[in-house]
1. Quick check on region 15-34. Is at least one of its residues among the polar types (S, T, N, Q), closer than 17 Å to residue 160 by Cβ and surrounded by 13 or more Cβ atoms within 10 Å (Cβ to Cβ)?
2. Can you tell me which residue in region 83-122 is least open to solvent (accessible area, probe 1.4 Å), limited to those that are among the β-branched types (Val, Ile, Thr) and part of a loop (DSSP other than H, G, I, E, B)?
3. Does residue 38 satisfy the criteria of being at negative phi and over 19 Å from the mean Cα position of the chain (by Cα)?
4. Kindly indicate which of 51, 46, 80 is part of a helix (DSSP H, G or I) and either in contact (Cβ under 8 Å) with a residue 60 or more places away in the chain or closer than 22 Å to residue 235 by Cα (or both).
5. List every residue pair whose Cβ atoms lie under 8 Å apart, where the two residues are 6 or more positions apart in sequence or sit on different chains, the first residue falls within region 132-146 and is more than 15 Å from residue 113 (Cα to Cα), and the second residue, located anywhere, is open to solvent by less than 100 Å² (accessible area, probe 1.4 Å) and not in a loop (DSSP other than H, G, I, E, B).
6. If I filter region 181-240 down to residues being open to solvent by 50 Å² or more (accessible area, probe 1.4 Å) and in contact with a Leu (Cβ under 7 Å, 6 or more places away or on another chain), which single residue comes out as farthest from residue 162 (Cα to Cα)?
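The values are calculated or read from the model by the stated rules, or taken from the named source; none is laboratory data. On a predicted model such as this, the values are computed, not experimentally measured, just so you know. Cβ placement follows ideal geometry from the backbone for every residue including glycine, while neighbour counts extend to all protein chains displayed. Side chains are part of the model used for accessible areas, which takes the heavy atoms of the whole protein and leaves out ligands, DNA and RNA. Shrake-Rupley method; radii C 1.70, N 1.55, O 1.52, S 1.80 Å.
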Amino acid sequence: MLFRSEEHSAVHSSSLGPVLAAVRLFKRIVSRDGLLAPCKTDTLDLLETKLAEGMKTALPHEIIIPAELERDADSACTFLCYPLAVVDDDVGLQIMERLKKVTGHIAMCRYRKDSYWCKDYKDKVGDAPTKHFTDEELKERDALLKDGEEAQWTLFDPMVSCYYGKLYQKTKNPEHLRVQSRFLRRSLAAITGDDCELGPWHLPEAYYLRGDTWVPNDNTPLVWTQANLKLALFEMENSLN
C-alpha cells in the first residue's frame, strides 16, 4: 500500500493513521445506529487489521518501505497522537522523542532533508513554489538544501501541546503539563509581529531562510495552523480546569 505525499512514493505511517481512524469511527457509527455498511461484512474488520499491522510494523518510524527512503522522524506523525489517537501512550511518547530531531528554534521541519521552502527558495525554484515536481526536478531541488536550512512549519507545535495536555489530564503528571505549556508558548511565539511584510497577527505555514533571516513563507496566514492553535488553547484550558 503506497501513499505519495508531496514528494516521494512510500508507505507513510502518517497516511495509514487517518485511514485507520476513519475505519474505526465508521465501524462505531454503523454499530451504534444499526446501519448496513456498503461493503462485505468482513471488509471493515479486514481494513482495520491490515492498517493497524502496517502501522505497528513501521512506527515510530514514518517510513521503512522502501528502505532507501527510511525516515525515523517526521512531524506528520504528531497527528497519530493527536487528534487521531490511533497509537497507545508508549508509541506516542516514542514519536514525541523522535520529534526532537526535527524541532527547530521557531517551529518544526517536516523531516530532515526536506527541500520544500529551503533557503532562498523562491529565488532558486522560481515563481511556482508549490507546483508539482517531477522526480528529476525533485532531485534538483533536494540538491539545493543544506543541513539545518529546512523550513520550520508552525502547525505541529500546537498538536504536541495538545497531546501532552491529554496525557496530563489522564495522569496528572506535572512534567506533561510543563511540556504542554512549553509547546503552547512556542506556538504563540510563531505569530507574526508588526515587522512582518505579510502583516501582523498571522500564523504562517512555515518560516524559511531568506538570506540569513527566518521569514514567513508565502502561505500566510494558514487556517490549518490557526485551527491547531485554537485546539492547543482549548486543551490548556482543560488542563488548568
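1. Checking region 15-34: not a single residue is among the polar types (S, T, N, Q), closer than 17 Å to residue 160 by Cβ and surrounded by 13 or more Cβ atoms within 10 Å (Cβ to Cβ).
2. Keep residues of region 83-122 that are among the β-branched types (Val, Ile, Thr), which gives 86-87, 91, 95, 102-103, 106.
With part of a loop (DSSP other than H, G, I, E, B) added as a condition, the list becomes 86-87, 102, 106.
Working: 86: 20, 87: 27, 102: 1, 106: 35 Å².
Among residues in region 83-122 that are among the β-branched types (Val, Ile, Thr) and part of a loop (DSSP other than H, G, I, E, B), the one least open to solvent (accessible area, probe 1.4 Å) is 102.
3. Details: at negative phi: yes; over 19 Å from the mean Cα position of the chain (by Cα): yes.
Here the answer is yes, as residue 38 does meet what is asked.
4. After applying the criteria, what remains is 80.
5. 133/141
6. Here the answer is 221.
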